[in-house]
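Engineer: Once you've had a glance at the structure underneath, I'll fire off some questions.
The values are calculated or read from the model by the stated rules, or taken from the named source; none is laboratory data. Small disclaimer: the values here were computed from a predicted structure and weren't measured. So basically every Cβ, Gly included, is an ideal-geometry build from the backbone, and we count neighbours across all protein chains shown.
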Amino acid sequence: MSTPINFDDSPRGKQLQAFNRLLDVMEELREKCPWDRKQTTDSLRHLTIEETYELSDAILKNDLPEIKKELGDLMLHLVFYAKIASEQNAFDIADVLNAQCDKLIFRHPHIYGDTKAETEEQVKQNWEKLKLKEGNKSVLGGVPASLPAIVKAMRIQEKARGAGFDWDDKAEVWKKVQEELNEFESEFNIQNVNEIDKQRATAEFGDLVFSLINFARFIDINPEEALERTNIKFITRFQFIEQEAAKDGKQLQDMNLAEMDYYWNKAKKM
């Protein structure tokens, strides 16, 4: 353990004390625990992704105690990565935090400099311009390749908007959605199903989804959150159907669609 540091009893002092405690615990675990000692950045990666999704689940449920717990798990991972890097003489947690502060100050010249930005859109446009000055060759260069497709589409569109590449009003965006829907539908307006070009139909479906995500963004709906809430709603209703059918001595596999629909409508009322 490191040499004890005295912190005052102010809220900031207590926060610093807690963060210092986490650093101390990380030091001790890395030295004494066989599992912690074995970990690398590669071995932690999939665990970090899992923790991030668990935090996302807690946020969607608005479960504040669970959010606190998952934030702690993620904080541990951040400190863990920095600890491993410090052992390799690459950087430590102080370097990470100072670099982040420097970046935030640089990208907020309307706060720390003379630049004017009165609206959220102006802030975003300035942000993207500054990122290009930092060496990014494209506005879209900062979108991680491994993002889930819906999130990636949303981030691509947001960044394009930050560069001024966007529609003027939602009517134009909705017109594009209808256009893409018609093009997708036209792929199936043939008599022989075997003649459907799956590759072209897949491309048209992608265009349709991309345009719907764009419209959702334009009217300030997060499409990833909207779809996940629908997923949760469907799971809840489907499990209700399974439970109610079981109470009546029935198996879903043995029920016809009309019977299932009866339980589904019952689930919707619940």
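Engineer: Where residues in the stretch 167-189 are among the hydrophobic types (A, V, I, L, M, F, W, C) and assigned to a helix (DSSP H, G or I), which of them is surrounded by the fewest Cβ atoms within 10 Å (Cβ to Cβ)? Show your work before the answer.
Structural biologist: Residues of the stretch 167-189 among the hydrophobic types (A, V, I, L, M, F, W, C): 167, 171, 173-174, 177, 181, 184, 188.
Among the residues that remain, those that are also assigned to a helix (DSSP H, G or I) are: 171, 173-174, 177, 181, 184.
On the way: A171: 9, V173: 19, W174: 17, V177: 19, L181: 15, F184: 19.
So the residue we want is A171.
Engineer: Let me ask you something else. May I ask you to verify whether F80 is among the aromatic types (F, W, Y) and in a loop (DSSP other than H, G, I, E, B)? If you could, list the steps in order and put the result at the bottom.
Structural biologist: Details: among the aromatic types (F, W, Y): yes; in a loop (DSSP other than H, G, I, E, B): no.
No; evaluated as a whole, the condition is false for this residue.
Engineer: So, one more: Can you confirm whether E70 is assigned to a helix (DSSP H, G or I), in contact (Cβ under 8 Å) with a residue 24 or more places away in the chain and of a type in the set (D, E)?
Structural biologist: On the way: assigned to a helix (DSSP H, G or I): yes; in contact (Cβ under 8 Å) with a residue 24 or more places away in the chain: no; of a type in the set (D, E): yes.
Answer is no for this residue.
Engineer: Picking from D95, D73, which residue would you name as being at pLDDT 95 or above and closer than 21 Å to L47 by Cα?
Structural biologist: Values: D95 fails: closer than 21 Å to L47 by Cα.
Being at pLDDT 95 or above and closer than 21 Å to L47 by Cα holds for just one of D95, D73, which is D73.
Engineer: If you don't mind, another one. Are any residues in the stretch 87-111 among the small types (G, A, S) and part of a helix (DSSP H, G or I), and if so, which ones?
Structural biologist: Scanning the stretch 87-111 gives A94, A99.
Engineer: Which one of these is outside the structural domain of P148 (by TED's automatic domain parsing), in contact (Cβ under 8 Å) with a residue 40 or more places away in the chain and over 30 Å from E228 (Cα atoms): K83, K116, K103?
Structural biologist: Numbers: K116 fails: in contact (Cβ under 8 Å) with a residue 40 or more places away in the chain; K103 fails: in contact (Cβ under 8 Å) with a residue 40 or more places away in the chain.
K83 is the lone residue from the list that is outside the structural domain of P148 (by TED's automatic domain parsing), in contact (Cβ under 8 Å) with a residue 40 or more places away in the chain and over 30 Å from E228 (Cα atoms).
Engineer: Looking at E158, E179, E172, E187, which is the one that is under 20 Å from L227 (Cα atoms) and of a type in the set (D, E)?
Structural biologist: Values: E179 fails: under 20 Å from L227 (Cα atoms); E172 fails: under 20 Å from L227 (Cα atoms); E187 fails: under 20 Å from L227 (Cα atoms).
Residue meeting the stated conditions: E158.
Engineer: Residues being over 28 Å from I59 (Cβ atoms) and either assigned by TED's automatic domain parsing to the domain that holds V177 or not in a helix (DSSP H, G or I) (or both): count how many of those fall in the stretch 209-252. Walk me through how you get there before you give the answer.
Structural biologist: As a first pass, look at the stretch 209-252 and keep what is over 28 Å from I59 (Cβ atoms): 244-252.
Going one step further and asking which of them are either assigned by TED's automatic domain parsing to the domain that holds V177 or not in a helix (DSSP H, G or I) (or both), we end up with 248-251.
Final tally of qualifying residues: 4.
Engineer: Further question on the same structure: Quick one: would you say D63 is surrounded by 13 or more Cβ atoms within 10 Å (Cβ to Cβ), within 30 Å of E225 (Cα to Cα), within 25 Å of the chain's Cα centre (by Cα) and modelled with pLDDT under 95? Lay out the reasoning, then the answer.
Structural biologist: On the way: surrounded by 13 or more Cβ atoms within 10 Å (Cβ to Cβ): yes; within 30 Å of E225 (Cα to Cα): yes; within 25 Å of the chain's Cα centre (by Cα): yes; modelled with pLDDT under 95: no.
When the stated conditions are applied, D63 does not pass them.
Engineer: Go through the residues of the stretch 142-164 one by one and say whether even a single one is assigned to a loop (DSSP other than H, G, I, E, B), touching a Gly at 6+ places or on another chain (Cβ under 7 Å) and at pLDDT below 85.
Structural biologist: Here is the first cut: in the stretch 142-164, the ones assigned to a loop (DSSP other than H, G, I, E, B) are 143-148, 163-164.
Filter once more, so that each one left must be touching a Gly at 6+ places or on another chain (Cβ under 7 Å): none.
Checked the stretch 142-164: no residue is assigned to a loop (DSSP other than H, G, I, E, B), touching a Gly at 6+ places or on another chain (Cβ under 7 Å) and at pLDDT below 85.
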